[in-house]
1. Do you know the relative contact order of the chain, to the nearest whole percent, from alpha carbon pairs under 8 angstrom that are 6+ apart?
2. Nothing charged except the Cβ atoms of Lys and Arg (+1) and of Asp and Glu (-1): what's the magnitude of the dipole of segment 3-90 about its Cα centre? Round to the nearest 20 debye.
3. Select one label from (i) 71; (ii) 278; (iii) 83: the one whose number is volume of the Cα convex hull per residue in Å³ as derived from the coordinates shown.
Amino acid sequence: MTTKNKAIVALVCGILGLVGGWIPVVQYITGILSIVAIIFGALALKDKPEGSEKSMAVAGLVLGIIACAITLLAILCVICAAGALAAAGAQLQY
């Protein structure tokens, strides 16, 4: 796989991970895409790209890191909300 292809994969996966990180059910799948963006961005930068290849690789790497952080934050929010609902449901008396 060429450096340009790796940079394109990193950029596309980073964008999809960033957009999908805000959607509750899709965030689990796009979390994997953000990790793929980080990996391919690092691999593309390791090959010493030039010009637009380098900028796409850096953009994919940065978007992958941001998307991974957003996905982790969203998953933690879902876990906390489920715990709060379970605690509230346990206090109900019939």
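What follows is calculated from the coordinates using simple rules that are stated; it is not laboratory data. Everything quoted here is computed from the prediction, not taken from an experiment. When we count neighbours, we look across all protein chains shown, and the Cβ atoms used for this are built from the backbone with ideal geometry, even at glycine.
1. Computed over the chain, the figure is 36 percent.
2. 140 debye
3. Label (i) holds the value from this structure.
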